[in-house]
Ligand code: FCB
């Protein structure tokens, strides 16, 4: 069975990781303070080279593209919106449309304006209000130009990395801060969901907007299947990280679709300290039955997990988009295998009646991988970070062949 003719094929990026010079953001400040060993600097200079990059995406046979708007550019000072930044993203969206690429626009992809973080970030009780004000501005500015909106990228990953692992910008840490940030994300999403729909209805005409989140699904398997504490920790971890947030939003009918960012699974055993021990610990040991190779970040390649994930999320009766799936490697042949195997999982899920509507590879370009810098190479396009020259990798051509075969 082929993929449906209206299936969306694309790749994904996020503003801070590719644009460069994101000087008003909390991440920029974090880097300048030396809190991470790398600086994003010019990144891929995508801010100035997006036309060239979208040419490549189009040449790869894609018909959609996921990117994020940088809140810190739009609202560099509290309450002051930049016309120039709005014009920039208007041009980005127009550039995509000219090339037949359907824009999937993310409003929050890990970075915040510096002023927002200084006010207390996502823990601050007015965080949802600030986000809503920004989202309202975006809904107005891009009315009739964007159909697919992702409010928040991977809220659980953000909360974990910032408030529990303490690797990403945040000035508070601990479980209370983490929970409060999470509640605020939920509130912020729901507010943005409502207003994106209201603004669109006022505008009238066109196809109705679709609003979702991009949820990281990182599967857990117990280290020792036969040992109850490992099984319990793995189960709780899986529930808390993967489906709790989706359960809450779907119960409130605040999702039109679910975006799934799927990469790998973790083996988990009982352990940890205090409350967090409930969610176990990720096992550092290689498990004999896991597949090699692992990615440059040490992530297991587990395509079956994507199939399982899609089937599992079928219960929500919502359209599903794979909004990220990718592999960091210096060996492009491995990437090719990775893509082929994961698309086989998507196809199997479709055959099993799962409403999968699109697939976005992470990422179009090699980019700034947060606290890991530019070393992990995820791109369909290789970027030389000295000259900023782009070179399409063979895996991009392979993906193009698959897309062209699938759409006949
Ligand atoms: C996801 C993030 C994305 C990128 C990939 C590798 O968790 O959404 O920005 O870092 O992982």
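The values are calculated or read from the model by the stated rules, or taken from the named source; none is laboratory data. Remember, predicted model here, so these are calculated numbers, not experimental data. Note that we place each Cβ from the backbone using ideal geometry, even for glycine, and neighbour counts take in every protein chain shown.
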Query raised in the report: Here are some conditions: (1) more than 22 Å from residue 194 (Cβ to Cβ); (2) within 15 Å of the ligand (Cβ to nearest atom). Residue 82 meets all but one. Which one does it not meet?
Result: (2)
Query - Failed condition for residue 381, given (1) more than 15 Å from the ligand (Cβ to nearest atom); (2) under 19 Å from residue 257 (Cβ atoms); (3) in contact with a strand residue (DSSP E or B) (Cβ under 7 Å, 6 or more places away or on another chain) - result: (2)
**Report entry** Residue in the stretch 108-124 that is in a strand (DSSP E or B), within 16 Å of the ligand (Cβ to nearest atom) and touching a helix residue (DSSP H, G or I) at 6+ places or on another chain (Cβ under 8 Å) present
**Finding:** yes
Query - Restricting the stretch 248-281 to residues that are in a strand (DSSP E or B) and away from the ligand (no atom under 16 Å from the Cβ), the residue that is nearest to the chain's Cα centre (by Cα) - result: 257
**Report entry** Residues located in the stretch 28-52, provided they are in contact with a helix residue (DSSP H, G or I) (Cβ under 6 Å, 6 or more places away or on another chain), surrounded by fewer than 24 Cβ atoms within 10 Å (Cβ to Cβ) and in a helix (DSSP H, G or I)
**Finding:** 29, 50, 51
Query raised in the report: Checking residue 137 against (1) part of a loop (DSSP other than H, G, I, E, B); (2) more than 19 Å from residue 14 (Cβ to Cβ), which test does it fail?
Result: (1)
**Report entry** Which numbered condition residue 72 misses (of (1) crowded, with 22+ Cβ neighbours inside 10 Å; (2) closer than 15 Å to residue 51 by Cα)
**Finding:** (2)
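Taking the options 319, 293, 284, 355, name whichever one is within 18 Å of the chain's Cα centre (by Cα) and away from the ligand (no atom under 16 Å from the Cβ).
319
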Query - When residues of the stretch 164-185 are limited to those that are outside any loop (DSSP other than H, G, I, E, B) and within 16 Å of the ligand (Cβ to nearest atom), the one farthest from residue 33 (Cα to Cα) - result: 185
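In contact with a strand residue (DSSP E or B) (Cβ under 6 Å, 6 or more places away or on another chain), away from the ligand (no atom under 16 Å from the Cβ) and either at pLDDT 95 or above or assigned to a helix (DSSP H, G or I) (or both), is that true of residue 237?
yes
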Report summary line: Note on the stretch 126-158: residues on the phi > 0 side of the Ramachandran plot and within 16 Å of the ligand (Cβ to nearest atom) are 154
Requested in this report: Quick one: count up the residues across the stretch 223-242 that are without any contact (Cβ under 8 Å) to a residue 12 or more places away in the chain and surrounded by 16 or more Cβ atoms within 10 Å (Cβ to Cβ).
Outcome: 1
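Please state which one of 65, 88 is within 16 Å of the ligand (Cβ to nearest atom) and in contact (Cβ under 8 Å) with a residue 12 or more places away in the chain.
Working: 88 fails: within 16 Å of the ligand (Cβ to nearest atom).
Criteria check complete, one pass: 65.
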Query raised in the report: Which of the residues spanning the stretch 296-316 are under 18 Å from residue 7 (Cα atoms) and within 16 Å of the ligand (Cβ to nearest atom)?
Result: 306
Report summary line: Within the stretch 134-155, residues being out of contact with any strand residue (DSSP E or B) (no Cβ under 8 Å at 6 or more places or on another chain) and either without any contact (Cβ under 8 Å) to a residue 24 or more places away in the chain or under 19 Å from residue 213 (Cβ atoms) (or both) number 2
**Report entry** Test for residue 330: is it more than 16 Å from the ligand (Cβ to nearest atom), touching a residue at least 12 places away in the same chain (Cβ under 8 Å), out of contact with any strand residue (DSSP E or B) (no Cβ under 9 Å at 6 or more places or on another chain) and under 27 Å from residue 372 (Cα atoms)
**Finding:** no
Report summary line: Scanning the stretch 373-408 residue by residue, the ones that are assigned to a loop (DSSP other than H, G, I, E, B) and more than 19 Å from residue 359 (Cβ to Cβ) total 11
